[in-house]
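Right, one structure below, let's go through it.
The values are calculated or read from the model by the stated rules, or taken from the named source; none is laboratory data. Keep in mind that what you see is a predicted model, and the values were worked out from it rather than measured. A quick note on method: Cβ atoms are made from the backbone with ideal geometry, for glycine too, and the neighbour counts reach across all protein chains shown.
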Amino acid sequence: MSLPDLHLKKNEDKRLRKGHLWVFSNEVDTKKSPLEQFSAGELVNVKSEDGKILGTAYINPQTLICARLLTRKANLKCGVTFFKERLSTALTLRDKIFPKPFYRLVFSESDGLPGLVIDRFDDVLSLQITTAGIELRKDMLFTALIELLNPTAIILKNDNSQRQLEGLSQESEVVYGQLPEKLLIEENGAQFKVDILEGQKTGWFYDHRSSRAYLASIAKDQRVLDLFSYTGAWGIPAAIAGAAEVTCVDASEGALTLALENAHLNQVADKMNFIRSDVFEFLKQARLENQLYDIIVLDPPALIKRKKDFKLGYEAYRRLNHLALQVLSKNGILISASCSFHLSRDNLHEILRSSGRHIDRHLVFFASGGQGADHPIDPASPESEYLKTFFCSVSASL
């Protein structure tokens with residue numbers, strides 16, 4: 001049985017033919033295929049203006065990104081077998097790269113499963129479903145995961161604003177098995193306790209793994225300041241690697257409580273400080289008190305979530321980097337990161353250049369980083385490349 005057709009306007013197939021997976025609502029020929037005739041999550045055959053098949057997608061007529069391609073073929077049967085095939089492909093890549101099962105198993109479009117993120121914590125899986133198309137088929141997804149990985153627990157982390165845009169509920173829940181009382185992961189020679197249900201996103205941020213390892217390699221005998229520290233993923237490996245002192249600053253009391261537990265777990269609590277504060281206010285106070293740090297990690301949450309917020313967000317990134325440079329010791333290192341897709345690598349490059357000049361410092365990049373290998377980048381989908389990190393050496397003006 002053929003699926004209903006979604007017809008595109010003339011020339012609106014170019015991006016899909018280049019490999020992208022999204023169809024925007026203004027690209028649809030609504031005379032041939034009125035959007036109101038479709039229900040949220042329904043499968044459709046996407047066709048170009050001349051009637052050629054572009055693939056099978058799921059649709060949500062209420063959203064700006066109204067369809068997302070699942071395959072380049074027509075009439076996909078999106079059941080357990082489909083999910084097992086996609087999950088197996090994703091698993092094959094991760095098993096080649098990582099010796100232990102702690103990683104992002106599915107990274108949405110890059111793994112051919114738009115609207116789905118899965119983080120793996122050994123035999124516990126934390127899922128974020130952000131589209132009606134995946135939500136409608138989640139039981140088949142769960143079956144595929146159980147058959148493939150035999151997890152002890154599957155958690156749905158639904159506290160995501162994207163679900164609201166898709167008209168979906170935002171309650172998180174354990175949908176299979178039982179969450180262990182104590183969930184530990186291993187990363188960069190450290191162990192971390194993870195709180196999936198109460199933590200941010202899926203409970204952990206695997207994307208900075210390689211940059212955090214690089215920090216640890218240069219942290220010996222240094223005084224490290226970890227801003228927006230969350231539960232200590234940057235600071236604790238630095239302390240294990242021999243940092244003289246590590247100060248973690250975050251606005252969340254819950255995150256810092258978990259960070260302290262993680263410090264004790266790794267036997268480095270004696271060289272770590274945990275400060276609950278707004279980072280802007282902390283930096284202003286540190287400057288007034290002439291507090292200086294040898295290495296500063298500036299890894300804020302996304303400060304530009306929508307394109308229209310660019311101007312305010314850019315200014316926030318600029319102020320943060322400017323303030324951080326002012327509490328950096330002579331010949332210190334600033335590690336500056338952004339996970340905002342709408343702040344480009346060039347934007348962050350320019351913020352660091354101008355901030356260095358503004359306070360009359362010689363700032364050079366000696367390394368850079370991006371998202372880890374478990375967050376693969378689809379070259380046809382620029383949205384899949386979001387993380388950028390610069391390692392800056394900062395010295396007196398030339």
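Assorted remarks:
- Residue check for ASP119: of a type in the set (Asp, Glu), out of contact with any helix residue (DSSP H, G or I) (no Cβ under 6 Å at 6 or more places or on another chain) and surrounded by 15 or more Cβ atoms within 10 Å (Cβ to Cβ): yes
- Any hit, the stretch 293-300, residues being touching a strand residue (DSSP E or B) at 6+ places or on another chain (Cβ under 9 Å), in a loop (DSSP other than H, G, I, E, B) and surrounded by fewer than 21 Cβ atoms within 10 Å (Cβ to Cβ): yes
- Residues that are under 30 Å from LYS84 (Cβ atoms) and either surrounded by fewer than 19 Cβ atoms within 10 Å (Cβ to Cβ) or touching a residue at least 40 places away in the same chain (Cβ under 8 Å) (or both) within the stretch 28-41 comprise SER39, ALA40, GLY41, listed in sequence order.
- Residue match in the stretch 379-398 (condition: crowded, with 19+ Cβ neighbours inside 10 Å, in contact with a Gly (Cβ under 7 Å, 6 or more places away or on another chain) and of a type in the set (A, V, I, L, M, F, W, C)): yes
- Residues that are farther than 25 Å from ILE97 by Cα, within 20 Å of the chain's Cα centre (by Cα) and of a type in the set (Asp, Glu) within the stretch 196-239 comprise GLU198, ASP226, listed in sequence order.
- First in the stretch 1-21 and at positive phi, second anywhere and at pLDDT 95 or above and assigned to a loop (DSSP other than H, G, I, E, B), Cβ under 6 Å, 6 or more apart: GLY19/ALA380
- Unique residue being at pLDDT 95 or above, crowded, with 20+ Cβ neighbours inside 10 Å and closer than 28 Å to LYS14 by Cβ when the list is SER48, SER108: SER108
- Which listed residue is in contact (Cβ under 8 Å) with a residue 12 or more places away in the chain and in contact with a Gly (Cβ under 7 Å, 6 or more places away or on another chain), from ARG86, ARG94, ARG104: ARG86
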